[in-house]
Amino acid sequence: MAAQTGKDLLIKVDMDGARSFETMAGLRATRISFNAEQVDVTSLESAGGWRELLAGAGMKSASISGSGVFKDQSTDERARSIFFNGQIPAFQVIIPDFGTVEGPFQISSIEYAGTHDGEATYELSMASAGALVFTAL
């Protein structure tokens, strides 16, 4: 696999509940992480005292974060609306040369910042809120 540019890792939001996805405007940096909790089933009978984990158990989750330049476009308004109205719409994360992850996410934080001699920026964080679907390229 060849190296990929970071700008190809895209976060898209369903704009209207009808699976009309648009890339979040102004993002400069994006990140997605996947997590799986472990269920420890180690006992006194575990071979050699080694920890044992229960396969297929535990809670899975994902988180998305991004930061960029505030552009005041329709996706910025959609993100604010999702946050203030407590909605949990579908998002897509396009991972170059890998595939697409899609599912419901809740926006858990939005931060806006700016300096007197620079651009207005924003950061957002999201947490998965249901089953995610992975589609390989």
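Numbers for the structure displayed
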{"quantity": "Test result for Leu54, within 30 Å of Asp40 (Cα to Cα) and surrounded by fewer than 17 Cβ atoms within 10 Å (Cβ to Cβ)", "calculated": "yes"}
{"quantity": "Ile64 closer than 30 Å to Ala3 by Cβ, touching a Lys or Arg at 6+ places or on another chain (Cβ under 8 Å) and not small (Gly, Ala, Ser)", "calculated": "yes"}
{"quantity": "Within region 1-64, strands (runs of 3 or more DSSP E) holding 2 or more residues that are among the aliphatic types (A, V, I, L, M) and either modelled with pLDDT of 90 or more or in contact with a helix residue (DSSP H, G or I) (Cβ under 8 Å, 6 or more places away or on another chain) (or both)", "calculated": "10-14, 27-36"}
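The values are calculated or read from the model by the stated rules, or taken from the named source; none is laboratory data. Keep in mind that what you see is a predicted model, and the values were worked out from it rather than measured. Cβ coordinates were reconstructed from backbone atoms using ideal geometry, including for glycine residues, and neighbour counts include every protein chain displayed.
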